[in-house]
Every structure is written in structure tokens, then in C-alpha cells.
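Here's the structure we're looking at; comments come further down.
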Amino acid sequence: MESFLLIISFLLHIVTLTIIFQLFKQRSQPKSDTQTEELVTLLETYLQEVKEENDRLQEAISSEEDMATSVPKGVAYEPVRSQANYDYSEQENSSYTPPAPIEEDQVEASLQSRILQLHHRGKSNTEIAKQLDCGKTEVELIIKLYAKNGE
């Protein structure tokens, strides 16, 4: 009998805690609703201010364009080019000949390719190092790396 009462007590405690949690949740929710409403109104006012600013900017730009494009009546706008400058530029263009391009491409083999060429010709590592003025271990390393990559 005692166990039955104990189980009922636990169940009542669980139900009570659940109800308390739900009430707390409902009580805090209106605050968040008012906060979201305030946020929405704030964003709407900001958006309205931006729209007004854009309208003023568009009006300013259009008035500047109207002022720039308006030409006084009776005055024809035509760029004036002096005849002397025009003739001179014509003569200059006709007598100008561009210089012929000089094509002297020099291709220089890299150190690795020269080492490999000499190695394929049958020279020893020390001879290659002396001829190319580099270290013997450098020559050996390049040849070994090429042999590994070549396989």
C-alpha cells in the first residue's frame, strides 16, 4: 500500500512540475512577442528612412543631369578642331612606321636538365659537378630523384 501511495506521489510531482514549467514558458512568451513586435517596427522605420533617402538622392541626381544636359537655346554645341593640328596629326600618322620586332629568344637549359643531359652522355657525377660548377651531392640527388620519378 505504501508503494502505491509513493508511486502516486511521484506522478503528482511530475505533473505539477510540468504544469509549472508550462506556466513559466507562457509567462515569458509575451515578452518575446513584444520584443519581436518592437524589432519589426524598428526595421520598418529604418526601411522607410532608407527609401526616403534614396528618393532624395534620385531627385538630386536627376536635377544634376537636367542641368548638365540643358544647352542654352540658339547655341549649337560643336567641338572645334583647329585645322593646323588636324593636318599635323594626319601627316604624323602616315609617316609613322613601327619598328620591326627583334626576335632573339634565347632558351637556357635549367641546371637539372643540363645535369641529366651530361649523365645520359655517360659522364660521372664528379665530372658533371666540375663542369657545371655545382656540388657533387647536388648532382647525385638530382639524378636519384629523376631515376625515382622516371620509373
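Do you know which of the residues in segment 115-125 that are out of contact with any Asp or Glu (no Cβ under 7 Å at 6 or more places or on another chain) and part of a helix (DSSP H, G or I) is surrounded by the fewest Cβ atoms within 10 Å (Cβ to Cβ)?
Checking each candidate, the answer is 120.
Checking residue 31 against (1) exposed (fewer than 10 other Cβ atoms within 10 Å of the Cβ); (2) modelled with pLDDT of 85 or more; (3) not aromatic (Phe, Trp, Tyr), which test does it fail?
The failed condition is (2).
Can you confirm whether residue 94 is of a type outside the set (A, V, I, L, M, F, W, C), surrounded by 10 or more Cβ atoms within 10 Å (Cβ to Cβ), modelled with pLDDT under 75 and under 47 Å from the mean Cα position of the chain (by Cα)?
Here the answer is no, as residue 94 does not meet what is asked.
Taking segment 126-136 only, how many residues are assigned to a helix (DSSP H, G or I) and either acidic (Asp, Glu) or within 14 Å of residue 111 (Cα to Cα) (or both)?
7
For segment 96-114, enumerate the residues that are assigned to a loop (DSSP other than H, G, I, E, B) and closer than 30 Å to residue 146 by Cβ.
105, 106, 107, 108, 109, 110
The values are calculated or read from the model by the stated rules, or taken from the named source; none is laboratory data. Computed from a prediction, not measured in an experiment: that's the story for all the values here. Glycine also receives a Cβ, built like all others from the backbone with ideal geometry; neighbour counts cover every protein chain displayed.
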